[in-house]
Amino acid sequence: MLKTQVLAVALGAVVAFAGAAAAHGPSRLKTEQTVVLDATPAEVWEVIGDFDDMSWHPAIASTEMTPEGAPADVPDESTRVLTLKSDSGTPTITEQLMAIDNDKMSYKYMITDVDTAVLPVTNYSSTLQVKDKAGKAEVIWKGGFYRGFPNNEPPAELNDEAAVTAVDGVYTAGLDALAERFGRAE
């Protein structure tokens, strides 16, 4: 009898755990891309290191600091509104600088406002960094985020795959533009 009760309790715990696991929402997603450019790290950082200027990225029509005249290098006070190139409307992404280290050629930022129809993610943060790789510039762009739909069974356009694909697309377009500008190191 005791064996049956222990087995029943163990089976109940397994079923309860399985139910809780199925009810768990989305997991944090991560992606990272790198490119080594035929330029010095300082040359590349001069182009991408200004938080208030993202004109190097082909998807960006304009960058505006808010409020107007806000500092572009003070964490927690620097907010930029990126207006995207688009044939329909003027989609925007609002990002806040979280940390910047010019000596390490790195800054970290987070998205504070974006329509998931524009970028199907939530709670996005990212780091853009330039490192020296044998005298050449290695650009590392990595981000962490959740898919655009916070609950279970998301629609296809807001699921994990859509979120990773969209962020990878942003990174690829930016790094490809830098490679076109500076050339890829061999």
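Readers should treat all values here as calculations from the given coordinates under stated rules, not as data from a laboratory. No experiment lies behind these values; they were computed from the predicted model shown. All Cβ positions, glycine included, derive from the backbone under ideal geometry; neighbour counts span all protein chains shown.
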In the range 126-160, residues that are exposed (fewer than 13 other Cβ atoms within 10 Å of the Cβ) and in a helix (DSSP H, G or I) total 1
Selection over the range 20-49 where residues are among the charged types (D, E, K, R) and more than 17 Å from the chain's Cα centre (by Cα) yields a count of 3
Note on the range 132-156: residues in contact (Cβ under 8 Å) with a residue 40 or more places away in the chain, over 18 Å from residue 105 (Cβ atoms) and not hydrophobic (A, V, I, L, M, F, W, C) are 144, 146, 147, 150, 151, 152, 154
Scanning the range 47-76 for residues that are among the hydroxyl-bearing types (Ser, Thr, Tyr) and assigned to a strand (DSSP E or B), the one surrounded by the fewest Cβ atoms within 10 Å (Cβ to Cβ) turns out to be 66
(1) among the hydroxyl-bearing types (Ser, Thr, Tyr); (2) closer than 30 Å to residue 43 by Cα; (3) in contact with a strand residue (DSSP E or B) (Cβ under 6 Å, 6 or more places away or on another chain) all hold for residue 146 apart from (2)
Listed by first then second residue, the pairs whose first member lies in the range 34-49 and is among the aromatic types (Phe, Trp, Tyr), whose partner is surrounded by 17 or more Cβ atoms within 10 Å (Cβ to Cβ) and not in a loop (DSSP other than H, G, I, E, B), with beta carbons under 8 Å and at least 6 positions apart or on separate chains, are 45/130; 45/137
